[in-house]
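Notes to accompany the following structure.
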Amino acid sequence: MKILITNGRVLDPAHGIDGNFDVLIENDRISKIAAGIEANDAERIDAKGCLVVPGLIDIHVHLRDPGFEYKEDIESGTRAAAAGGFTAVACMPNTSPVNDNKVTTQYIKQKAAEVGHTKVYPVGAITKGLKGESLAEMGDMKCAGCVAATDDGHPVANGEIMRRALEYAKSFDLPLISHAEDLSLVGDGVMNDGFVATELGLRGIPWVAEVAAVARDVMLAEYTGARLHVAHVSTRGAVEFIRAAKARGVRVTAETAPHYFTLTEDAVRGYNTQAKMNPPLRTSDDLAAIRDGLADGTLSVIATDHAPHHPDEKNVEFNLAYNGIIGLETALPLTLRLVEEGVMPLSDAIACLTIGPARALSLPGGTLEVGRPADVTIIDPEAKWTMDPEAGQSRSKNTPFEGWKLKGLAAFTIVDGRITHRRS
């Protein structure tokens, strides 16, 4: 099978490519990038006015499968990912059973091969059952297909266990993903600690709960020489600590999510449970710091932390509502807003969705290099649309962006040379 993409602006930040070229896909590989390619036997895609970029990669997704398929499953989650322009996702281990063993990893890989619309990279647990007590068999899970390990949703509270986990993972060159949260400081908090929480009468979570945990894990990574990736950074202090650590040569990468550079704690007003997440939405000062961190490369990854929930888990009192929002279909336009607002150039924004995540977890992809798998996203940057969760592909609808006027979407998503999404 051949696909010829013509008339598009080809943008590959990994190799500094930015120009009007054609892209030829043969079978599952990118075979040629040049101007004026002739391939009469190929299916043609006219990408005029569009960006042709490496397939987007999201390294922080909750597919809820196995165990919570009423919220999402591998088929529906990857369908939403493809609609958002993603060709690959890494799924978190807080499932039921927890992905803390090779059998569960193999199940995820097999089901993704059968019903997935994107590539799926399982992420295993650091500790058995996510309990923070004893290490999971990370070596076995890596052999079965895991690309990283994390107790996401739960911090590894015991510093000695986290140290041993980093040392163990280092022997496999397996990155650990830190869910940075000091639970003793979180307490019963349900939103950011500050004026809005006081006004609403809700218990707050101070910024130091994140920063203290980031500091510990980054220093442990420095001490052990292991690879660390910090998930869902939301505070100025965390950005500053990670920036300084990277300057010292610590093997640390970090991500943020679109809601942390788009929304503040003000979105919670009215006790809006669609704006309840962990870590919580922070202040305008934190938002500015997150944007600065993206602009200077401290935060090299934009990930969605796609966290689907059933309506019954959100349509309750704020204190009882589950944390998290869906994000696979809104990440791209919200990222493009950063470009429009002058926060960062287009190439850097695309890098945060492609080569940045690929490098953080040593994943294949993130580039349009000839000979590589044909994972390609064609973006219409001028397409205007209104976010309607009922029209989305996710099984869940929990988003704070309902009704937002957005610009930019995936016109085509191509995985291994196969079109998995095309705009209707």
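Only helices enter the 222 nm calculation for the chain: every DSSP H run of n ≥ 4 contributes -39,500 (n - 2.57), and dividing by all residues gives -8500 deg cm²/dmol, rounded to 500. Treating each Cα of segment 368-424 as one equal point scatterer and applying the Debye formula with no solvent, the log10 of I(q)/I(0) at q = 0.22 Å⁻¹ comes out as -0.93. Scattering from segment 40-84 was approximated by placing one identical point on each alpha carbon and applying the Debye formula without solvent; log10 I(q)/I(0) at 0.17, 0.20, 0.26 1/Å stands at -0.66, -0.76, -0.97.
Treating each Cα of segment 56-360 as one equal point scatterer and applying the Debye formula with no solvent, the log10 of I(q)/I(0) at q = 0.13 Å⁻¹ comes out as -0.88. Its convex hull of Cα atoms gives segment 1-93 a direction-averaged projected area, equal to a quarter of the hull surface, of 7.3 nm². If you count Lys pairs in segment 56-360 whose Cα atoms are under 17 Å apart, skipping same-chain pairs closer than 8 places in sequence, the total is 13.
Can you list the GluC sites (Glu not before Pro) in segment 217-326 that are in a DSSP coil and have 13 or fewer other beta carbons within 10 angstrom?
Details: sites: 222, 240, 255, 265, 313, 317; in loops: 317.
For GluC sites (Glu not before Pro) across segment 217-326 that sit outside H, G, I, E and B with at most 13 neighbouring Cβ atoms in 10 Å, the list reads 317.
For segment 120-186, the orientation-averaged shadow of the C-alpha convex hull comes to 4.4 nm² (one quarter of the hull surface). Packing, taken as the mean count of other beta carbons within 10 Å per residue, orders the peptides 340-346, 267-273, 79-85 from highest to lowest as 79-85, 267-273, 340-346. Computed from the alpha carbon atoms alone, the convex hull of segment 330-400 holds 144 Å³ per residue. Summarised in one figure, the compactness ratio Rg/Rh of segment 83-150, Cα atoms and Kirkwood Rh, is 0.99.
Over all pairs of distinct alpha carbons, what does the Kirkwood formula give as the hydrodynamic radius of segment 203-342, in Å?
15.7 Å
Available extension along the chain between residue 388 and residue 15 is 130.7 nm, counting 0.36 nm per residue and deducting the alpha carbon span.
Centre-to-centre, using Cα atoms only, segment 286-300 and segment 25-89 are separated by 27 Å. The orientation-averaged projected area of the convex hull spanned by the Cα atoms of segment 260-403 comes to 9.8 nm².
Each value in this text was obtained by applying a stated rule to the coordinates, not by laboratory testing. The model shown is predicted, which means the values in this text are computed figures rather than measured ones. Neighbour counts are summed over all protein chains in view; Cβ atoms, including those assigned to glycine, are modelled from backbone coordinates with ideal geometry.
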